[in-house]
Amino acid sequence: MRNFLRFLKEVKSYWRLLVVISVLTLLTSALSLPPPYLIKILTDDFTQKHLSANLPHILILIFAAYVLLASSSAITGYWLSYCITLLGQHFKMDMRKKLYAHMQTLSLGFFEKSKTGKLMSNITNDVATLDQLISGSFVNVLQDSVTLIAVIFILFKLDWRLSIVALSVYPIYIANYLVFIKRIATTSASVREQRETIYGDLQEKLTAVQVVKSYARERYEVLQFTGETRNLLGLNVRATALSTGLWTLAEFIGGLGTAILIWYGGLQVMQGRISAGSLMAFYGYIGGYLYQPTLRMIQLNDAIARTNAALWRIFLNLDTKPIVTDKLDAKPMPAIRGEVNYEDVWFEYQQDQPVIKGVSLHVEPGQMVALVGASGSGKTTMVNLLQRHYDVIKGRITVDGLDIRDIKLASLRTQVGVVIQETMLFNTTIRENLRYGRLTATDEEIEEAAKVANIAHVIEALPKGYDTLLGEDGVKLSGGEKQRIAIARAILADPRILIMDEATSSLDSETETLIQEALDRLMAGRTSFVIAHRLSTIVKADKIVVMESGVIKEMGSHHELLAEGGMYASLYSQQFKVALEAIAAQNELAGEA
Amino acid sequence: MLGQFPRLLSYLKPYKKRVLLAVILLLSISFTPIVLPKLIAYTIDTVLPTHNSVALFHVFLAIVAVYAFRGVVSFWLNFTIGWLGQRVVFDLRFQSYRHLNRLSLAYYDSRQTGKIMARLMGDIDFIQQMISNGFITFLADMLSIVVILVVLFMYQWKLALVAVAGIPFYVINFKLFIRHIRPLSVELRERWDAMLGVLQEKLAGITVVKAFAREDYEIDRFMQTIQDNFNIGMKQMKLNRKLGSIAQVIRAIFTGLIIWYGGTLILHHHMEIGELLAFSALVNQLYDPAVRIVDFNVTVQWTVSAMQRVFETLDTRPEIVDAPSAIALRQMHGGVEFQNVFFGYERGQEVLHDISIKVDPGQVVAIVGPSGAGKTTFVNLIARFYEPSRGRILIDGYDLKKVRLESIRRQISIVSQESLLFSVSLKENIKYGFHDATDLQVVQAAKHADMHEFIMALPFGYDTKIGEEGIKLSVGQKQRMSIARAAITDPKILILDDSTSALDSKTEANVQAALEYLMEGRTCFVIAHRLSTIMSADLIMVLDAGRIVDVGTHEELVAKPGVYQSLYNEQFRSATEDGLEALLS
Ligand SMILES: Nc1ncnc2c1ncn2[C@@H]1O[C@H](COP(=O)(O)OP(=O)(O)OP(=O)(O)O)[C@@H](O)[C@H]1O
Ligand SMILES: Nc1ncnc2c1ncn2[C@@H]1O[C@H](COP(=O)(O)OP(=O)(O)OP(=O)(O)O)[C@@H](O)[C@H]1O
Ligand SMILES: [Mg+2]
């Protein structure tokens, strides 16, 4: 209910439209009422001798009334639909924008915990459900309640006894509906769930079709899928049976009501209590104006229940506070010189499972820092913290002496360029992908960046060059080619601090060296963080930081660390064991000679 | 255009008894809509004026009987068609998915996952609608129009002419508007898909969006797409409503005309009031079916295009199929030979040229070469994900094309460059390649991949779920998971495509040591850039721009100038220049 009130608040800003809609609704339902009454007049005029004097005139009047009513109800109907659609579309647009904008402010942690599909469904389906409630159910109910009251009033006015008899099946009708609708609702909820399951599985298995194929698991997957769709078949058939049952019974009950009306009403006519015209009016009103509106009013209850779930999800999202936010008095970061300081930094993704445990690290402007260490030791996490995707739980990180929590997030991130470990490119042209680094970049700058990343010749060899589409619809690039595009994108951003998280792991050493040299020139005087496992990538770093399980084990230059003979030295000799042995052998040979 | 229909009908064939039943049921209730107005007319014109209360009671019974009959039959009918629709959908979906699984990777390379899914779900649903509603409504409409027209003309042919005169107006109005509405619906659909595309991509790639602080830009872009949706939605509504409003007025004019003219006829004693009422009730049931029938061909067109898409999938011949005479290679030894193999993903763009190499069972082959040289492509051919355009690949001396695909793939394990894991538990991920694996085997595989300790430290151990709803793994951890998944299958040929790139040397050495034990008696292809991984291989194959430029052992290759030597020097020299003295001293 609380959600609901809040929802009403959201709708309140459209109150002007709502007022117009209410007025138009009243008009429309008023205009829809007369036709059965016209039939009554007609019938009475023909069946009762004393009334049939000026029949030709009455006929013309009825004709005129029909056309007039239809025209005016067409006009009001048009404007009513217009306003309702306007309201619905506006509401959807505003709500979607609000949700999406809000999601964009949320930190990475939020997205890691939510399925992309669920977030999308929140923006698309849940919002659509709300719209159905506003522009469907609400308006209908308004219209229906007016119609219902008016019709019942007219009926009782015509003849109260006949009204009571005619309405006698009404409770059965409602009861029938209520009995079925619960089951129908649960069945259709299961149908929806089952569909979502199938959809999710399908998505995952089709994306990873190579895995399926390389393990020759096709038959198993088909079996799995068949099982799931068979369940869906069962549920769907059940749903069909239920709803067919409901509506057939409803039609029968309505028919019973008509039969009773004609019988009892006919007797009344014979006894001269009512006119044949009134009977016809009853027949018209009860068939067309009573049952449908009643059902729709009952359905409102259901619609609200369904909306409640959607509301709950929407507000849950809107209420999620970004973990990382700008402080009120946050200042924009001036041009970064590049001094970075980790001061006793602690961090955990999950409560009580610290991933970074008291790291202190000082980086001078312009230094190249290399992070090495076991897989899972927290290297990526370290650089994520510098970009402030997460906030440290203890200690602080400063850039040029400013705590990064005190400055504007966007001003920090635009000056920190990053090549993330898992290359992610968008399904658009190569040019657009590169330009994502800096939206204002000219074509020349883009090509320049591609050259630095040593990918320009590959792109130019493609038939469409920079306008080649990438991704599912376009060309497939090799792992190393993708990495180089990502590097070019980061370069284009012209960052003051550059982070390369395994950015060259899929490149051969030669290409890597070429890129490195070009980068050295470009990044002269700027701070950079490099994570790499191939030690040749990092030997010339000013500072090598060796991490293990979230703490810094060793720190120093390549030389110093080798001399220390600790973890780095063992990593090193591990990697170059064979070669070192060979050289040692050579040296021995040389020594002997 | 209707070419697809017979094919769709063939899906109904197994259920022809039910189809027949549906048609019979439909025929038997098609007369009910005219009975009620007739009964009412009879009441007003005959029963009431004569004060015959027995007849009135009979009318009552007749109405109840008609409704009861209609209820039973229509329930049966609707259930039958509902069932038929769902059943055909099931059959189609099953077939499509089975077929999709047979198609080779090349098929997936050129198609968006979203589009494939749309076919499997949306298009097939559309066909179901067509079967459950379209066909039957069409038949029912046809029947009821014919019956109603006959009845109307029997009543009063002059009045019937007036009623029929309204139909063309009604239909023309509909046709005029629908011409403009249809394209809008299509456009709306496209815009909506575009919006979903943006949403999907940018939410999945949120890391990049945030890294470049592009949130505002993305919000603007999204705003544009939903603004488009808004505009088209409004435009469509306006046209729809105009169509509806004019139709309403046309209908009212003709109903009014009928009452007027009918009234005049009554005055001249050509008909009775009850008949007129029945007449106008029947006329009301004439217009909508008329439009639906006119519109039916559009529904048919849509269904046909949905069917075309579905059948296109079904008709795509898998490029790689087992030859009828293909044999199952039960016990593979692992010898691999390429004989003058050429290959390109796209016609005219060759990626591999004239590759010939022979690998003995149990050998470890390292593949090195610059990025984009075709290393991944080479190993993809061994697993027969693609077919060479020229040349032959032999496994244990058998042509790959003459061996049952599944028997080969079951004995080959690939750890591919990008680690794709499923969002299930760690255990299920490891077991993917070998569902009957015991827990012990799972643990063993995890140990080989140096993941066991990490997993045991997790609160739920091997049952921990990964993915969006579970824990996150670092990239190196993911790589090790896919190594574990490959290790458990006990393959004869093991392919590691750059699959230790995210591991530090120590972890890599651990994995390698475990793998070496595992590689005993297996043929291995290892793509790597790090020297330590490569040097111990039995054979090093150097690829450059799609050609084998050198093959040999490390010692041989280092000794002669070439791609490998410079690769080696590059990596080694930079690392050893300063390090050497320190280490040797
Ligand atoms: N599915 C595909 N469709 C079309 N072209 C492709 C496809 N996969 C790769 N290519 C192209 O074929 C060439 C060779 O790619 P491949 O993946 O074999 O290179 P690689 O040697 O593995 O490189 P890397 O070390 O960067 O992974 C590249 O130029 C790539 O763009
Ligand atoms: N988003 C996350 N949520 C929860 N846990 C995480 C998340 N990202 C990483 N972890 C965990 O934190 C630890 C450190 O991960 P991180 O990605 O920093 O490692 P890494 O040193 O970069 O490893 P690699 O070399 O394998 O990439 C790992 O144990 C990982 O499972
Ligand atoms: Mg990492």
Open item on the list: Once R0 is set to 30 Å, what does the formula 1/(1 + (r/R0)^6) return for the Cβ-Cβ distance between B:ASP315 and B:ARG547, expressed as a FRET efficiency to the nearest 0.05?
Closed with: 0.20
- [ ] Skip the ligands, DNA and RNA, and give the accessible area per residue of the protein assembly as shown with a 1.4 Å probe, whole Å².
- [x] 42
- [ ] Measure off 7 Å from each Cα along the Cα-to-Cβ vector at A:ASN231 and A:LYS394, then give the distance between these two points in nanometres to one decimal.
- [x] 4.6
Task: Minimum 10 Å² accessible area buried by the other protein chains, the range A:223-241 residues, probe 1.4 Å, relative to alone - done: A:PHE225, A:THR226, A:THR229, A:ARG230, A:LEU232, A:LEU233, A:ASN236, A:VAL237, A:THR240, A:ALA241
Task: Cα-derived Rg over Rh, computed across the range A:293-392 with Rh taken as Kirkwood radius - done: 1.29
TODO: Report the trypsin sites (Lys or Arg not before Pro) located in the range A:297-366 that are in a DSSP loop and have at most 14 other Cβ atoms inside 10 Å of their Cβ, or state none.
DONE: A:LYS327
Task: Length added when fully stretched, A:ASN308-A:LYS115, from 0.36 nm per residue minus Cα-Cα - done: 67.4 nm
Task: Accessible heavy-atom area order of B:LEU188, A:LEU434, highest first, probe of 1.4 Å - done: B:LEU188, A:LEU434
Open item on the list: Taking each pair of distinct Cα atoms in the range B:1-52 once, what is the resulting Kirkwood hydrodynamic radius in Å?
Closed with: 14.6
- [ ] Calculate, in nm to one decimal, what A:ASP329 and A:ARG273 gain on full extension: separation in residues at 0.36 nm each, minus their alpha carbon distance.
- [x] 11.8 nm
- [ ] Over the Cα atoms of the range A:422-494, compute the convex hull volume and normalise it per residue, giving Å³.
- [x] 76
TODO: Please report, largest first and rounded to whole Å, the three semi-axes of the ellipsoid equivalent to the range B:357-491, where each semi-axis is the square root of five times an eigenvalue of the C-alpha gyration tensor.
DONE: 31, 17, 13
TODO: Working from Cα positions, state the angle (0 to 90°, nearest 10) between the long axis of helix B:32-42 and the longest principal axis of chain B.
DONE: 20
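Tally Lys/Arg at +1 and Asp/Glu at -1 over every other residue whose Cβ is under 12 Å from the Cβ of B:PRO183; what's the total? Present the calculation step by step, with values, prior to reporting the outcome.
On the way: positive: B:ARG179, B:ARG182, B:ARG189, B:LYS235; negative: B:GLU187, B:GLU190.
Surrounding charge for B:PRO183 is +2.
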Task: Inter-chain shielding of B:214-220 (mean C-beta neighbours from other protein chains, 10 Å cut-off) - done: 5
- [ ] Would you calculate a helix-derived [θ] at 222 nm for the protein assembly as shown, using -39,500 (n - 2.57) for each DSSP H run of n ≥ 4 and dividing by the full residue count, to the nearest 500?
- [x] -21000 deg cm²/dmol
Open item on the list: On the principal axes of its Cα set, how long, how wide and how thick is the range B:82-184? Give whole Å, largest value first.
Closed with: 68, 34, 14
TODO: Scan chain B and report its longest stretch carrying no GluC sites (Glu not before Pro) that are both in a DSSP loop and have at most 15 other Cβ atoms within 10 Å.
DONE: B:1-318
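Tell me, what is the Rg over Rh of the range B:382-441, with Rh the Kirkwood radius over Cα pairs?
Ratio value, two decimals: 1.08.
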Open item on the list: Regarding the range B:4-315, what's the average projected area of the Cα-atom convex hull, expressed in nm²?
Closed with: 21.7
- [ ] With all distinct Cα pairs included, what does the Kirkwood hydrodynamic radius of the range A:361-501 come out to in Å, to one decimal, could you say?
- [x] 16.5
Task: Solvent-accessible area, 1.4 Å probe, carbon plus sulfur percent, for the range B:4-315 - done: 64
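Based on the Cβ-Cβ distance from A:GLN48 to B:ASP216, what FRET efficiency comes out when R0 is 56 Å, to the nearest 0.05? Please list the in-between numbers first.
Working: r = 76 Å, r/R0 = 1.35.
With a Förster radius of 56 Å, E is 0.15.
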Task: Within the accessible area of the range B:414-490 (1.4 Å probe), percent carbon and sulfur - done: 53
Task: Cα long-axis angle, helix B:439-448 against chain B (0 to 90 degrees, to the nearest 10) - done: 50
Task: Size of the B/A contact, given as accessible area buried on both chains, probe 1.4 Å, in Å² - done: 15500
- [ ] Relative to the longest principal axis of the C-alpha atoms of chain B, give the angle of the C-alpha long axis of helix B:475-487, reported between 0 and 90° and rounded to the nearest 10°.
- [x] 90
Task: Where A:ILE420, A:ILE286 fall by accessible area, highest first, once all protein chains stay in place (1.4 Å) - done: A:ILE420, A:ILE286
Open item on the list: Can you give me the solvent accessible area of B:LYS447 with a 1.4 Å probe, rounded to the nearest 10 Å²?
Closed with: 110
- [ ] Using only the alpha carbon atoms of the range A:2-319, find the Kirkwood hydrodynamic radius as the inverse mean reciprocal pair distance, in angstroms to one decimal.
- [x] 23.9
Open item on the list: Using the basic label-point model (7 angstrom from Cα toward the beta carbon), what is the A:ASP352 to A:PHE4 distance in nanometres?
Closed with: 4.0
- [ ] Please grab the % of Cα pairs in the range B:277-365 that end up more than 20 Å from each other.
- [x] 73
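What area, in nm² and to one decimal, does the C-alpha convex hull of chain A cast on average over all directions?
40.9
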TODO: Let me know the mean shielding of B:427-434 by other chains, meaning the per-residue number of their Cβ atoms within 10 Å of its Cβ.
DONE: 2
Task: Low-density loop positions, trypsin sites (Lys or Arg not before Pro), the range A:107-165 - DSSP coil, at most 16 other Cβ in 10 Å - done: A:LYS115
TODO: Two decimals is fine: what's Rg over Rh for the range A:1-142, C-alpha atoms, Kirkwood radius as Rh?
DONE: 1.27
Task: Residues in the range B:238-256 that, when all protein chains are in place, have 30 Å² or more less accessible area than the chain alone would give (probe 1.4 Å) - done: B:LYS238, B:ARG241, B:SER245, B:GLN248, B:VAL249, B:ALA252, B:ILE253, B:GLY256
- [ ] Could you work out the mean projected area of the convex hull around the alpha carbons of the protein assembly as shown, in square nanometres to one decimal?
- [x] 51.5
TODO: Taking every Cα atom in chain B, find the radius of gyration and the maximum pairwise distance Dmax, and write them in Å.
DONE: 36.3, 129
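Would you rank B:ASP498, B:ASP360, B:ASP91 by solvent-accessible area, highest first, keeping every protein chain in place and using a 1.4 Å probe?
Result of the area sort, largest leading: B:ASP360, B:ASP91, B:ASP498.
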TODO: Specify the inter-centroid distance of the range A:229-244 and the range A:46-115, based on alpha-carbon positions, in whole Å.
DONE: 33
TODO: May I ask you to find the residues of the range B:65-109 that are shielded by at least 40 Å² of accessible area once the whole protein assembly is considered instead of their isolated chain (probe 1.4 Å)?
DONE: B:TYR67, B:PHE75, B:PHE79, B:GLN86, B:PHE90, B:ARG93, B:PHE94, B:TYR97, B:ASN101, B:LEU105, B:TYR108, B:ASP109
Open item on the list: Using amide H atoms built in the peptide plane, which far-off residues or other-chain residues are under 5 Å from A:VAL530 H to H?
Closed with: A:VAL369, A:ALA370, A:LEU371, A:MET500
- [ ] Find the eigenvalues of the gyration tensor of the Cα atoms of the range B:414-490, then list the square roots of 5 times those eigenvalues as equivalent ellipsoid semi-axes, largest first, in whole angstrom.
- [x] 16, 14, 12
Open item on the list: At q = 0.15 Å⁻¹, what log₁₀ I(q)/I(0) does the range A:183-338 have when each alpha carbon counts as one equal point scatterer in the Debye sum?
Closed with: -1.01
Open item on the list: Please list, in order along the range B:57-65, the HN-Hα scalar couplings obtained from phi with the Karplus expression 6.51 cos²θ - 1.76 cosθ + 1.60 (θ = phi - 60°), rounded to whole Hz, x for Gly and Pro.
Closed with: 5, 5, 4, 4, 4, 4, 4, 4, 4
Task: Residue-averaged beta-carbon neighbours from other chains (10 angstrom radius) around B:346-357 - done: 1
- [ ] Show the residues, 5+ positions off or on another chain, whose built amide H is closer than 5 Å to the amide H of B:VAL403.
- [x] B:ILE327
Open item on the list: Whole percent per 10 Å bin, from 0 to the bin with the longest distance: what is P(r) over all C-alpha pairs of the range B:297-445?
Closed with: 9, 28, 30, 21, 9, 3, 0
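The values are calculated or read from the model by the stated rules, or taken from the named source; none is laboratory data. What you see is a predicted model, and the numbers here were worked out from it, not measured in a lab. With ideal geometry, Cβ positions are generated from the backbone for all residues, glycine too; neighbour counts draw on all protein chains shown. Each accessible area value is taken on the protein alone, full model and side chains, heavy atoms only, with ligands, DNA and RNA left out. Shrake-Rupley method; radii C 1.70, N 1.55, O 1.52, S 1.80 Å.
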